Amino acid sequence: MATSKAQTAWDRLNTRQRTYLEAIYHEDQAREEAHQAESARTWDSTPARVWRRLPLNSASSALARRLRSKGVHDPGAGSTLTALATRGLVEVDHVPGVLSTIVCVRITPAGRAAARAGLGYGPPWVKPKWALSEWLWREFCKVVAAGEEGLRTDELWHGTHGYLVEGELRRGNRPYLRVRKTWSKVNRAYPGQPPHWINVERRAYVLTDTGRAHYAERRADYREIYPDIDAPDVPPVPADTP
């Protein structure tokens, strides 16, 4: 069986270089997980080439601690990083700091593939094109669980609107939700005063026909992909027409 390009790149490294690449890979994955969790709460447009930077010589460097635990954080770090960079496995940036220049390391796609091959992790899982991201599926399921009444617009993470509401122009938009407006009379009179009725608008997200079809067709698949997200067993309640 032919050896993959990624495996060959790993095999050509010496023990010290492999230790560095492994440490950088694990810190990169931790950084990615943290970024995804934060992005699910607050929109962040920072480019990946920026947030993936791993400082090496800052006081709080997680990468330095990991390398130190392996006994390889020493004056030879620069030479090792240069060797990895020459092979296209990492990129090294020098960022101005408050007191000194911060050396930052960023693993490349080739470096990530080499680390996965060498550590026996196999190719990374790739999300199917039809699938929503984990956080969008979680928000989508909240609308499904709300049933006939729909989910109040202020109960859905605000970033969801551009991605799932029909008519939005955001790239990658899926027209699975729409906003339904209803009016009701509410008595706003103070105790002891005559009734004072006013009309109050309620805005809620409900499913479109496309959204209902997607949920019904892919619910079982999503349960395998995102098993920690509660996807209701009951079929979505058809939304009324505007």
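The values are calculated or read from the model by the stated rules, or taken from the named source; none is laboratory data. Owing to the predicted nature of the structure, the values given are computational and were not obtained by experimental measurement. Quick reminder, even Gly has a Cβ in these numbers, built from the backbone with ideal geometry, and neighbours come from all protein chains shown. We work out accessible area using only protein heavy atoms, side chains counted, and drop any ligands, DNA or RNA first. Shrake-Rupley method; radii C 1.70, N 1.55, O 1.52, S 1.80 Å.
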Gly88 passes all but one of the listed conditions (1) exposed (fewer than 11 other Cβ atoms within 10 Å of the Cβ); (2) small (Gly, Ala, Ser); (3) at pLDDT 95 or above; the exception is number (1)
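Among the listed residues Ala131, Ala115, identify the single one that is in contact with an Asp or Glu (Cβ under 9 Å, 6 or more places away or on another chain) and under 23 Å from Arg223 (Cα atoms).
On the way: Ala115 fails: under 23 Å from Arg223 (Cα atoms).
Step by step, each of Ala131, Ala115 is checked, and only Ala131 is in contact with an Asp or Glu (Cβ under 9 Å, 6 or more places away or on another chain) and under 23 Å from Arg223 (Cα atoms).
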Can you say whether Arg16 is touching a residue at least 40 places away in the same chain (Cβ under 8 Å), open to solvent by 30 Å² or more (accessible area, probe 1.4 Å), within 22 Å of Ala113 (Cβ to Cβ) and assigned to a helix (DSSP H, G or I), as far as the supplied structure shows?
yes
Going through segment 156-173 in order, the residues found to be of a type outside the set (Val, Ile, Thr), without any contact (Cβ under 8 Å) to a residue 60 or more places away in the chain and either open to solvent by less than 50 Å² (accessible area, probe 1.4 Å) or assigned to a strand (DSSP E or B) (or both) are Leu156, Gly162, Tyr163, Leu164, Asn173
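Of all residues in segment 127-155, count the ones that are of a type outside the set (Phe, Trp, Tyr) and outside any helix (DSSP H, G or I).
First, pick out the residues of segment 127-155 that are of a type outside the set (Phe, Trp, Tyr): 127-129, 131-134, 136, 138-139, 141-155.
When the remaining residues are screened for being outside any helix (DSSP H, G or I), the result is 127-129, 131-133, 150-152.
So the answer is 9.
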Scanning segment 124-141 residue by residue, those touching a Ser or Thr at 6+ places or on another chain (Cβ under 9 Å) and open to solvent by 40 Å² or more (accessible area, probe 1.4 Å) turn out to be Lys127, Trp135
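For Ala77, state whether it is within 30 Å of the chain's Cα centre (by Cα) and either at pLDDT 95 or above or not acidic (Asp, Glu) (or both).
Numbers: within 30 Å of the chain's Cα centre (by Cα): no; either at pLDDT 95 or above or not acidic (Asp, Glu) (or both): yes.
Against the criterion (within 30 Å of the chain's Cα centre (by Cα) and either at pLDDT 95 or above or not acidic (Asp, Glu) (or both)), Ala77 does not qualify.
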Among residues of segment 98-123 being surrounded by 14 or more Cβ atoms within 10 Å (Cβ to Cβ) and of a type outside the set (A, V, I, L, M), the residue nearest to Arg12 (Cα to Cα) is Gly118
Restricting segment 174-225 to residues that are touching a residue at least 60 places away in the same chain (Cβ under 8 Å) and in a strand (DSSP E or B), the one surrounded by the fewest Cβ atoms within 10 Å (Cβ to Cβ) turns out to be Arg180
